[in-house]
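First up is the structure itself, then whatever we jot down about it.
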Amino acid sequence: MPYAPPRPCTSPGCPALVTGRVSRCEEHYTPRYRGGAGRPSASKQGYDAKWRKFRKAQLARTENAICCWIDRNGQRCWQPATVLDHIVPVKEAPHLRLDPENVRGLCAACHNRRHGREWS
């Protein structure tokens, strides 16, 4: 059975050639390309069963809640809140993880915008 010819590494500017099913050379093949290996699970990051129960209760408590996000121009988002967002991140203050005063409801688009993520 013939082998496929080597291909260039997909990392920008890398001249190395790769073979097989990988798309990056050993130098650029990092854990984030290995299915999330090396990244802590959601529960280890503080989003365990207690958090899920707390989130569900907070979103249900304010039924038909509207997104709390106000952009730089002072415009408010009027979408329903579907994500519970920590005002002070869990990494900075783990003791405030389940504090109702440290969370707010946001729509998914505003939550991604707040954290600098772009989703289409």
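Structure summary
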{"quantity": "Relative intensity, log₁₀ I(q)/I(0), of the chain from a Debye sum that treats every alpha carbon as a point, q = 0.18 Å⁻¹", "calculated": "-0.98"}
{"quantity": "Rg to Rh quotient for the range 49-114, alpha carbon positions, Kirkwood Rh", "calculated": "0.97"}
{"quantity": "The chain, dipole about Cα centre (Lys/Arg Cβ +1, Asp/Glu Cβ -1), debye to the nearest 20", "calculated": "260 debye"}
{"quantity": "Computed FRET value (nearest 0.05) for K56 with Y3, which takes r as the C-beta separation and R₀ as 35 Å", "calculated": "0.10"}
{"quantity": "Protection proxy ranking, peptides 78-88, 10-20, 104-114, average beta carbon neighbours within 10 Å, highest first", "calculated": "104-114, 78-88, 10-20"}
{"quantity": "Charge dipole (debye, nearest 20) of the range 49-114; +1 at Cβ of Lys and Arg, -1 at Cβ of Asp and Glu", "calculated": "240 debye"}
{"quantity": "Segment R39-R113, length gained on full extension (0.36 nm per residue, minus Cα span)", "calculated": "24.4 nm"}
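We did not get these values from a lab; they are worked out from the coordinates using the rules stated. Only a predicted model underlies this, so the values are computations on that prediction, with no experimental measurement involved. Heads up, the Cβs are rebuilt from the backbone with ideal geometry, glycines too, and the neighbour counts pull from every protein chain shown.
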